[in-house]
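Derivation of every value follows stated rules applied to the coordinates shown; laboratory data play no part. Computed from a predicted structure; not experimentally measured. Please note: Cβ atoms are built from the backbone with ideal geometry, for glycine as well, and neighbour counts cover all protein chains shown.
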Amino acid sequence: MSERRHKLVWFVPEEALDATRAAVFAAGAGRIGDYERCSWYTAGTGTFLGGEGTSPATGEPGREERTPELRVETVVAGDRVEPVVAALIAAHPYEEVAYDLYPLA
């Protein structure tokens, strides 16, 4: 059986799509066989309420916000998880990056 892979999912405003994809791909994500930079994304609406002392990229603290976002998915080899997640966080414009990491069977 091959090395354990994961699915990385993150939520990002459209204007930061290319920067976050480039960062995770440069760190080793998005490889399927002989293909590179593999991902999938779709539009949706993110909601959040920033507490006191937050500095949201959109909206203001203390008010529930609804903002257009993209849900982006890619695959990550097990030995690349830590650098890929670090690259995503560094490239992402949000104060708190919403992402999910799932082991693949």
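One quarter of the surface of the convex hull around the alpha-carbon atoms of the range 65-105 equals 3.7 nm², the direction-averaged projected area. Site pair residue 4 and residue 26 shows an inter-label distance of 2.8 nm when each label is modelled 7 Å from Cα along Cα→Cβ. Which entry is the computed Cα extents along the principal axes in Å for this structure: (1) 59, 27, 17; (2) 49, 23, 22; (3) 37, 35, 22? Among (1) 59, 27, 17; (2) 49, 23, 22; (3) 37, 35, 22, the one calculated here is (2).
Take each peptide in 63-70, 75-82, 22-29, count the other Cβ atoms within 10 Å of every residue, and average; sorted highest first, the result is 22-29, 75-82, 63-70. With both labels modelled 7 Å from their Cα along Cα-to-Cβ, the residue 60 to residue 95 distance reads 1.4 nm.
By the helix-only formula, in which each DSSP H run with n ≥ 4 contributes -39500 (n - 2.57) and the sum is divided by residues, the chain has a 222 nm mean residue ellipticity of -6000 deg cm²/dmol.
Relative contact order for the chain using alpha-carbon pairs under 8 Å, separation at least 6, rounded to a whole percent? It comes to 46 percent, rounded to a whole number.
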